[in-house]
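Working notes, structure below.
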Amino acid sequence: MPEFSAVPELSAADSWEDISPVAELAYGGYGHTAEYHASAASIFEPKRSLVARIGGRACGTCAVYSLEMTLPGGPAAVAGLGYVTVAPDHRRRGVMSAMVLRVLHTLHEAGAEPVAALNTTEAGIYGRFGFGLASQAAKVRIHRHARDLRETAGGERTVRIGAPEEHAAALAAVYAQCVGERPGMLRRDAVWAARAVLDLPDHRGGSGRLLCMVVEEEGEPSGYALYRLTAAWEDSVPRYEVSVRELFARDPASGTALWRALLDVDLAGSVVADRPVDDPVLALLADPRSAAPVLRDQLHVRIVDVDRALEQRGYAAETDLVLDVTDPLCPWNERRFRLRTGPEGGECRPTAAAADLELTSRDLGALYLGGTSLVQLARAGLVRELRPGAVRAAATAFRHDPAPFCPIVF
Ligand SMILES: CC(C)(COP(=O)(O)OP(=O)(O)OC[C@H]1O[C@@H](n2cnc3c(N)ncnc32)[C@H](O)[C@@H]1OP(=O)(O)O)[C@@H](O)C(=O)NCCC(=O)NCCS
């Protein structure tokens with residue numbers, strides 16, 4: 001950690017207006033519209049969020065959101081961090097470090113959420129604070145010439161296209177049916193649902209407005225896609241890009257119908273989307289090479305309290321393991337824990353017994369949503385096996401199918 005050249009004073013924010021001037025400067029000085037600020041303010045939780053001041057002047061911000069996230073085994077409370085920003089003239093003096101550490105220590109002392117999560121502008125920032133990479137997205141680009149999909153059983157679906165606001169009820173109904181399907185997904189109330197369809201003209205970057213495609217089965221919504229088009233021409237031939245923001249379907253036939261409709265949009269040359277790494281479309285493509293998925297980091301997870309965190313998720317197998325955890329920034333985690341898992345969940349208690357595995361809380365964070373292979377971490381030398389067979393047993397228990405995914409940036 002850097003030495004503070006001036007120790008920042010940290011206090012709870014009073015309102016979004018405490019945060020926005022510093023955040024705006026830190027993100028490059030773009031002025032935002034009243035609509036942007038109203039939307040950011042609608043999810044902002046002043047009492048939980050921090051402002052850092054030096055000499056009375058605001059120079060750092062850190063928003064904290066109360067999220068309900070799907071974990072392996074069911075939904076649980078997770079603290080979301082966002083708008084971690086430091087004024088350009090106060091960087092590299094430890095302001096961010098002070099804010100992030102304060103948030104982690106406050107969560108622990110208050111017995112609040114035992115886990116924190118964030119999406120980040122730059123993937124290299126948060127490992128030092130014990131955040132592990134817990135979910136990834138696969139960026140796919142499917143070209144029109146490679147749009148053939150294998151047949152999916154389940155019958156025909158009707159597709160309707162319109163403005164997202166016309167279909168608000170359908171979107172909410174489908175999302176509610178899909179939110180429990182993958183770890184990393186966040187429950188959305190009306191305020192967060194409104195953010196999902198936010199379509200600020202000054203953020204479109206030359207693309208068209210947000211559109212919505214809804215599929216129905218016997219008159220009931222069974223899937224939707226939010227997308228927009230970007231015009232492009234190549235030698236007078238239209239090669240528009242269809243860029244998908246969200247796609248959810250409650251059954252395979254509805255998902256396939258959405259992809260077929262997206263790949264068949266008039267003037268389109270390709271469809272691009274950030275998808276779960278095990279998205280069904282990757283299995284459906286007749287030409288699987290064409291999608292050329294590229295992995296990108298998504299959720300970074302921080303275990304605040306090892307015992308409470310490991311008890312609030314489910315496990316895929318029965319195990320009885322002693323974990324020796326290293327965590328210099330949250331020293332209450334620096335000890336051995338006995339984790340017993342089974343169909344009912346996990347029980348995690350401090351123990352003096354000999355350890356089976358040695359790992360950091362950062363790597364526990366990476367494992368938390370079930371999307372990271374413990375075998376991979378062990379082969380990378382990040383998890384140390386002290387009892388033969390412990391890596392394999394823990395890997396099976398921690399893994400979750402389907403893979404985690406979070407379509408929301410908070
Ligand atoms: C990223 C940001 C918040 C860092 O704030 P800061 O107060 O300068 O950070 P600190 O001084 O506390 O730095 C702590 C450590 O993180 C490192 N670090 C800071 N920014 C980093 C970056 N972008 N990439 C990698 N490491 C970074 C520092 O070098 C320092 O390392 P050290 O502990 O080895 O000395 C600030 O640069 C910023 O506002 N950037 C623009 C907004 C942004 O991208 N925010 C992140 C949103 S999730």
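The values are calculated or read from the model by the stated rules, or taken from the named source; none is laboratory data. If you're wondering where the values come from, they're calculated on a predicted model, not measured in any experiment. Cβ atoms come from the backbone with ideal geometry, glycine included; neighbour counts cover every protein chain shown. All accessible areas refer to the heavy atoms of the entire protein, side chains included, with ligands and DNA or RNA removed. Shrake-Rupley method; radii C 1.70, N 1.55, O 1.52, S 1.80 Å.
In the stretch 358-377, which residues are out of contact with any Asp or Glu (no Cβ under 6 Å at 6 or more places or on another chain) and among the aliphatic types (A, V, I, L, M)?
Correct list: Leu359, Leu364, Ala366, Leu367, Leu369, Leu374, Val375.
Picking from Arg150, Arg141, Arg187, which residue would you name as being out of contact with any strand residue (DSSP E or B) (no Cβ under 7 Å at 6 or more places or on another chain) and either in contact (Cβ under 8 Å) with a residue 40 or more places away in the chain or within 26 Å of Ala40 (Cα to Cα) (or both)?
Exactly one residue qualifies, and that residue is Arg150.
Look through Ala87, Ala38, Ala98, Ala52 and report the one residue that is farther than 30 Å from Ala403 by Cα and open to solvent by 30 Å² or more (accessible area, probe 1.4 Å).
Unique residue meeting the criteria: Ala38.
I need the full set of residues from the stretch 17-50 which are assigned to a strand (DSSP E or B) and touching a Pro at 6+ places or on another chain (Cβ under 9 Å), in order please.
None; the set is empty.
Of the residues that make up the stretch 109-117, is at least one open to solvent by less than 20 Å² (accessible area, probe 1.4 Å), part of a strand (DSSP E or B) and not β-branched (Val, Ile, Thr)?
yes
If Val51 passes every condition in (1) more than 23 Å from Cys330 (Cα to Cα); (2) touching a strand residue (DSSP E or B) at 6+ places or on another chain (Cβ under 9 Å) but one, which one does it miss?
Every condition holds for Val51 apart from (1).
What are the pairs with Cβ atoms under 6 angstrom where one residue, in the stretch 112-132, is within 16 Å of Arg296 (Cβ to Cβ) and the other, located anywhere, is surrounded by fewer than 17 Cβ atoms within 10 Å (Cβ to Cβ)? Sequence gap at least six, or different chains.
Correct list of pairs: Asn119/Val409; Ala123/Asp297.
Could you name every one of the strands (runs of 3 or more DSSP E) located completely within the stretch 184-300 that has at least 1 residues being more than 28 Å from Leu67 (Cβ to Cβ), touching a Leu at 6+ places or on another chain (Cβ under 8 Å) and not β-branched (Val, Ile, Thr)?
220-230, 240-249, 268-276
Exactly one of (1) touching a residue at least 40 places away in the same chain (Cβ under 8 Å); (2) open to solvent by 40 Å² or more (accessible area, probe 1.4 Å); (3) not in a loop (DSSP other than H, G, I, E, B) is unmet by Glu156. Its number?
Answer for Glu156: the failing condition is (3).
Residues being open to solvent by less than 50 Å² (accessible area, probe 1.4 Å) and more than 20 Å from the chain's Cα centre (by Cα): count how many of those fall in the stretch 225-243.
Of the residues in that region, 7 qualify.
So which of Val115, Val174 is touching a helix residue (DSSP H, G or I) at 6+ places or on another chain (Cβ under 6 Å), more than 16 Å from the ligand (Cβ to nearest atom), of a type outside the set (S, T, N, Q) and modelled with pLDDT of 95 or more?
Being touching a helix residue (DSSP H, G or I) at 6+ places or on another chain (Cβ under 6 Å), more than 16 Å from the ligand (Cβ to nearest atom), of a type outside the set (S, T, N, Q) and modelled with pLDDT of 95 or more holds for just one of Val115, Val174, which is Val115.
From the list Val78, Val103, Val140, pick out the single residue that is within 13 Å of the ligand (Cβ to nearest atom) and either part of a helix (DSSP H, G or I) or aliphatic (A, V, I, L, M) (or both).
Of Val78, Val103, Val140, the one residue that is within 13 Å of the ligand (Cβ to nearest atom) and either part of a helix (DSSP H, G or I) or aliphatic (A, V, I, L, M) (or both) is Val103.
Tally up the residues in the stretch 244-273 that are of a type outside the set (A, V, I, L, M, F, W, C) and open to solvent by 40 Å² or more (accessible area, probe 1.4 Å), please.
The number of residues fulfilling the criteria is 6.
Would it be correct to say that Thr70 is modelled with pLDDT of 95 or more and within 12 Å of the ligand (Cβ to nearest atom)?
So Thr70 does not fit the description; no.
State whether one or more residues within the stretch 283-294 are polar (S, T, N, Q) and crowded, with 20+ Cβ neighbours inside 10 Å.
No - not one qualifying residue is present in the stretch 283-294.
Looking only at the stretch 247-281, count every residue that is closer than 15 Å to Ala138 by Cβ and charged (D, E, K, R) and tell me the total.
Result for the stretch 247-281: 4.
Considering only residues that are open to solvent by 80 Å² or more (accessible area, probe 1.4 Å) and within 19 Å of Cys330 (Cα to Cα), which ones fall in the stretch 353-393?
Of everything in the stretch 353-393, those that are open to solvent by 80 Å² or more (accessible area, probe 1.4 Å) and within 19 Å of Cys330 (Cα to Cα) turn out to be Arg362, Leu382.
Those residues that are over 28 Å from Ala123 (Cα atoms), surrounded by fewer than 23 Cβ atoms within 10 Å (Cβ to Cβ) and either modelled with pLDDT under 95 or in contact with a helix residue (DSSP H, G or I) (Cβ under 7 Å, 6 or more places away or on another chain) (or both), I need them from the stretch 295-341; list them, please.
If the condition is that a residue be over 28 Å from Ala123 (Cα atoms), surrounded by fewer than 23 Cβ atoms within 10 Å (Cβ to Cβ) and either modelled with pLDDT under 95 or in contact with a helix residue (DSSP H, G or I) (Cβ under 7 Å, 6 or more places away or on another chain) (or both), then Ala316, Ala317, Thr319, Leu321, Phe337 are the ones that fit.
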